[in-house]
Amino acid sequence: MTLPLLLVLVFGSIEASNAIFLKQSMTIAAYEAAKAASAPDGTDEFASVRCAEALAVRNINTFDITFSPSNIDINTPRGSRISVTVTLDADSAAVGPLWVFTGKQLTKKVEMVRL
């Protein structure tokens with residue numbers, strides 16, 4: 001009688017742990033991209049590379065990254081707000097089967113001020 005309850009509890013905690021790890025990986029990637037873009041000589045191309053490097057550690061290769069303002073280069077004024085949004089499909093990025101997140105997109109957004 002307690003075995004089904006125990007199995008649901010074990011597999012549910014594994015699923016929740018995978019989801020939390022995936023969201024934390026996205027947060028780290030968005031932070032690294034925002035940090036690279038907000039540096040005095042930062043560009044959106046360099047920030048995209050930093051985001052890809054951070055997600056490659058987790059074997060995530062398919063994601064979308066958007067910047068606001070859309071074209072960050074050396075002429076972007078100091079003190080301007082830079083927003084980085086990372087979006088990916090939970091199905092393609094999960095380590096195991098994330099039944100709760102099947103067919104969903106996860107999004108993380110980080111804002112920093114240009115130095």
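The values are calculated or read from the model by the stated rules, or taken from the named source; none is laboratory data. All values derive from a computational prediction rather than experimental measurement. Virtual Cβ from ideal backbone geometry, glycine too; neighbours counted across all protein chains shown.
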For residue 41, the lone unmet condition from (1) surrounded by 11 or more Cβ atoms within 10 Å (Cβ to Cβ); (2) part of a loop (DSSP other than H, G, I, E, B) is (1)
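Tell me, yes or no, whether the range 46-65 has at least one residue that is surrounded by 13 or more Cβ atoms within 10 Å (Cβ to Cβ), assigned to a strand (DSSP E or B) and within 17 Å of the chain's Cα centre (by Cα). Steps first, please.
Taking the range 46-65 as the starting set, the residues that turn out to be surrounded by 13 or more Cβ atoms within 10 Å (Cβ to Cβ) are 46-55, 58, 60, 63, 65.
Among the residues that remain, those that are also assigned to a strand (DSSP E or B) are: 65.
Pick out the ones that are also within 17 Å of the chain's Cα centre (by Cα) and you get 65.
Yes, some residue in the range 46-65 is surrounded by 13 or more Cβ atoms within 10 Å (Cβ to Cβ), assigned to a strand (DSSP E or B) and within 17 Å of the chain's Cα centre (by Cα).
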Pairs returned, first residue in the range 1-28 that is of a type in the set (Ser, Thr, Tyr), second residue that is outside any helix (DSSP H, G or I), beta-carbon separation under 8 angstrom, 6 or more apart or interchain, are 25/57; 25/58; 25/60; 27/108; 27/110
Of (1) at pLDDT 90 or above; (2) more than 20 Å from residue 112 (Cα to Cα); (3) surrounded by fewer than 19 Cβ atoms within 10 Å (Cβ to Cβ), residue 17 satisfies every one except (1)
